[in-house]
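Notes follow the structure.
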Amino acid sequence: MNNAKRMLFLGFSVLVITASLSGCAGMSRRGTDTAVGAGVGGVAGAVLTGGSAVGTVGGAVVGGVVGNVIGK
């Protein structure tokens, strides 16, 4: 059952990221990179910390900063 929940969470995460990326159509390249970095960082932070809110937010912040720097 735990594996089924994990797969459901992963599928839902991919769906949310895909839907949110469609909203990036009018954004600049740098803004898009920042948003993608924050999304990927948030998911990575959640996975690495077992779903901790602090880990998720921290991952999103770090990912957003990295995406912003890469988008320059």
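The values are calculated or read from the model by the stated rules, or taken from the named source; none is laboratory data. Small disclaimer: the values here were computed from a predicted structure and weren't measured. These area figures cover heavy atoms from the full protein model, side chains too; ligands, DNA and RNA do not enter into them. Shrake-Rupley method; radii C 1.70, N 1.55, O 1.52, S 1.80 Å.
Between 0 and 90 degrees, the angle of helix 53-70 with respect to the longest Cα principal axis of the chain falls at about 30 degrees. Think of a 1.4 Å ball rolled over the protein heavy atoms: the chain then has 69 Å² of accessible area per residue.
As a fraction of the 1.4 Å probe accessible area of the chain, surface on carbon and sulfur atoms comes out at 73 percent. On C-alpha positions alone, give me the angle between the axis of helix 29-48 and the longest principal axis of the chain, in degrees, nearest 10. Taking Cα atoms only, the helix is inclined about 20 degrees. Angle of helix 2-22 to the longest C-alpha principal axis of the chain, folded into 0 to 90 degrees and rounded to 10: 20°. One way to sum up the overall shape of the chain is the equivalent ellipsoid from its Cα gyration tensor, whose semi-axes run 24, 15, 7 Å, largest first. Where only DSSP H runs of four or more residues are counted, the chain gives -28000 deg cm²/dmol as its mean residue ellipticity at 222 nm, each run worth -39500 (n - 2.57).
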